[in-house]
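K.L.:
A single structure is presented below for examination.
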Amino acid sequence: MEPPTPPGQGIFYDRMRELGWVYGRDFVTERRAYGDQLERIPDLAVELSRKGVDVFLVQGAPQAARVQQVTQTIPIVATSADLVAAGRATGLARPGANVTGVQTLGQLAGKHLSLLREVIVGFSRAGVLETPDGDQGIFAAYIQEAEASAKALNVLLQVPTVHGAGDFATAFAAFRHDRAQAILVHWTPVLVSHFKTVAALALKHRLPTISDLPDFASAGGLMTYGVNGSEVSRLVADIIDKIFRGAKASEVPIRQATTFWLAINLKTAKALGLTIPPSLLLRADQVIE
Amino acid sequence: MDRRAFLGVIADGLLAAPLAAEARGLALPGGPNALGVPGFTAKGEH
């Protein structure tokens, strides 16, 4: 794993600089991490607000909600599948409260199934790995879309219940038992902490996987397909620029990310005996060999 | 008095990882909950 990018470097900071904000000179950043313990977020928000934070930047609508428990005045910029559906904003053009941000809403589950169909001959049975999502509803939205897409593609879906990381092995045994040909792995806070375990279990059970978690293919999953982080980063910077200049979060429109990222792990494909069609390889943004 | 703007980032903090820089955006790459601000460690420290 690469070391974290130092503060001040990266696409977000590049975009901020283009907008006139030089890191260290014009603005500073402090970061707090909650791992998969969302309940820690209010305390972290209190800590940062005591230090005089001007703007919060958070991942996810429920995370934004937890910061809102602490402040309904300090602007919160959130990246989320759907801030309006999650109740954090009343509309895209005028968010209405102190939360705005970038929506990453995409037809991910349908695309995941379509991509798997391109690499698995006779694809008709798929599993969906459910991971607790901290009451975000993001898994429910994903599974709803997966079910509709599976029906259209004539794929049978199985969704074993996973209450925690300890259930992953059981879930994969169930997938194997029910003859799933591939597994959809949706990004949740719990998955972030355990995606390497999931990728390893999938390989152990010889099951192709696809996830929207960016590092999943690098960790041994077969494919990653999800929102393009560089676009999200630039859009986030555009919003923070407006707020730093005095705009109210309630009046800064929510932006929509529109580009996606496809990574394919050829080592994993080879280990699973899969041939990736050249047409798919050509569309990949990243091929891991 | 420090008049620099102050951005406070709260994230899961575990996503600094080996994607191409252009995909990572910041250290936290794209996804349903994605954002990116570099410098995260697993403990969220600088």
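The values are calculated or read from the model by the stated rules, or taken from the named source; none is laboratory data. None of the values given here were measured: they were computed from a predicted structure. All Cβ positions, even for glycine, are placed from backbone atoms using ideal geometry, and neighbour counts span all protein chains on display. Note: areas computed on protein heavy atoms with side chains; ligands, DNA, RNA excluded. Shrake-Rupley method; radii C 1.70, N 1.55, O 1.52, S 1.80 Å.
K.L.:
Calculate one ³J(HN,Hα) per residue across segment A:280-289 by plugging θ = phi - 60° into the Karplus curve 6.51 cos²θ - 1.76 cosθ + 1.60, and present them in order as whole Hz with x for glycine and proline.
P.N.:
6, 4, 5, 7, 6, 7, 8, 10, 9, 10
K.L.:
Oh, and also: Quick check for me: using +1 on Lys/Arg Cβ and -1 on Asp/Glu Cβ, what's the dipole size of chain A about its Cα centre, in debye to the nearest 20?
P.N.:
In total the dipole reaches around 280 debye.
K.L.:
While we're here: In a Gaussian network model over chain A where Cα atoms closer than 10 Å are linked, find which of A:Ala199, A:Ala140, A:Ala89 has the largest mean-square fluctuation.
P.N.:
Largest GNM mean-square fluctuation: A:Ala140.
K.L.:
Over segment A:69-117, what percent of the accessible surface lies on carbon and sulfur atoms, probe 1.4 Å?
P.N.:
Numbers: 960 of 1930 Å².
C and S fraction of accessible area: 50 percent.
K.L.:
Next question, about the same structure. How far apart, in nm, are the 7 Å Cα→Cβ label points at A:Arg50 and A:Leu266?
P.N.:
Spacing of the two 7 Å Cα→Cβ label points: 5.3 nm.
K.L.:
Just tell me the longest site-free run in chain A, where the sites are trypsin sites (Lys or Arg not before Pro) in a DSSP loop having at most 16 other beta-carbon atoms within 10 Å. Each step should come with its number before you reach the end.
P.N.:
Numbers: sites that count: A:Arg25, A:Lys51, A:Arg179, A:Arg206, A:Arg245, A:Lys248.
That gives A:52-178 as the longest site-free run.
K.L.:
Using protein heavy atoms only (no ligands, DNA or RNA), what is the total accessible area buried between B and A, 1.4 Å probe, nearest 100 Å²? Mind showing how you got there, number by number?
P.N.:
Working: alone 4020 and 14020 Å², together 13300 Å².
In total, this chain pair buries about 4700 Å².
K.L.:
Sticking with this structure for a sec: Between A:Glu251 and A:Val22, what FRET efficiency follows from the Cβ-Cβ distance if R0 is 30 Å, with the result rounded to 0.05?
P.N.:
Working: r = 26 Å, r/R0 = 0.87.
The formula returns an efficiency of 0.70 here.
K.L.:
Next question, about the same structure. Can you return the lysines within cross-link range of A:Lys196? Criterion is Cα-Cα under 28 Å, with same-chain partners fewer than 8 residues away left out.
P.N.:
A:Lys111, A:Lys204, A:Lys267, A:Lys270, B:Lys43
K.L.:
Let me ask another. Between A:Thr258 and A:Arg283, 0.36 nm times their residue separation minus their Cα-Cα distance comes to what? Kindly include the intermediate steps, with their values, before the conclusion.
P.N.:
Details: separation 25, 0.36 × 25 = 9.00 nm, distance 1.63 nm.
Gain on stretching A:Thr258 to A:Arg283: 7.4 nm.
K.L.:
Please get the size of the charge dipole for segment A:157-289, origin at its Cα centre, with Cβ charges of +1 on Lys and Arg and -1 on Asp and Glu, quoted in debye to the nearest 20. It would help to have the intermediate numbers written out before the result.
P.N.:
Details: 13 positive and 10 negative charges, 45 e Å.
Its charge dipole is roughly 220 debye.
K.L.:
Continuing with this model, one more query. Give, in nm to one decimal, the length gained when the segment between A:Thr90 and A:Ala148 is fully stretched (0.36 nm per residue of separation minus the Cα-Cα distance). Mind showing how you got there, number by number?
P.N.:
Values: separation 58, 0.36 × 58 = 20.88 nm, distance 2.69 nm.
Residue separation times 0.36 nm, minus the Cα-Cα distance, leaves 18.2 nm.
K.L.:
Ignoring ligands, DNA and RNA, what percent of the 1.4 Å accessible area of segment A:163-289 is carbon and sulfur?
P.N.:
Numbers: 2630 of 4970 Å².
C and S fraction of accessible area: 53 percent.
K.L.:
A further question follows. When only Cα pairs under 8 Å and 6 or more residues apart are kept, what is the percent relative contact order across segment A:142-217? Please list the in-between numbers first.
P.N.:
Values: 55 pairs, mean separation 21.5, N = 76.
Computed over segment A:142-217, the figure is 28 percent.
K.L.:
State in Å² the accessible area per residue of chain A; use a 1.4 Å probe, count heavy atoms of protein chains only, and round to the nearest integer. Write out the running numbers ahead of the final one.
P.N.:
Values: 11830 Å² over 289 residues.
For chain A, the solvent-accessible area averages 41 Å² per residue.
K.L.:
Mind checking the mean number of beta-carbon atoms from other chains within 10 Å of the Cβ atoms in A:209-216?
P.N.:
Values: counts 0, 0, 1, 5, 8, 13, 10, 2.
The per-residue average across the peptide is 5.
K.L.:
If you don't mind, another one. Find which of A:Gly246, A:Val236, A:Leu207 sits farthest along the positive direction of the dipole of segment A:172-286, computed with +1 on the beta-carbon of Lys and Arg, -1 on that of Asp and Glu, about the Cα centre.
P.N.:
Checked the options; the winner is A:Leu207.
K.L.:
Can you tell me the relative contact order of segment A:105-257? Whole percent, Cα pairs under 8 Å, sequence separation 6 or more.
P.N.:
Numbers: 220 pairs, mean separation 33.8, N = 153.
Relative contact order comes out at 22 percent.
K.L.:
Let me ask something else. Given the Cα-Cα distance of A:Ala173 and A:Arg206 and 0.36 nm per residue of separation, how much length would full extension add, in nm?
P.N.:
Details: separation 33, 0.36 × 33 = 11.88 nm, distance 1.12 nm.
Full extension of this stretch gives 10.8 nm more.
K.L.:
Here's a follow-up. Using the charge dipole of chain A (Lys, Arg: +1 at Cβ; Asp, Glu: -1 at Cβ; taken about the Cα centre), state which of A:Trp21, A:Ala141, A:Thr90 has its Cα farthest towards the positive end.
P.N.:
Of A:Trp21, A:Ala141, A:Thr90, it is A:Ala141.
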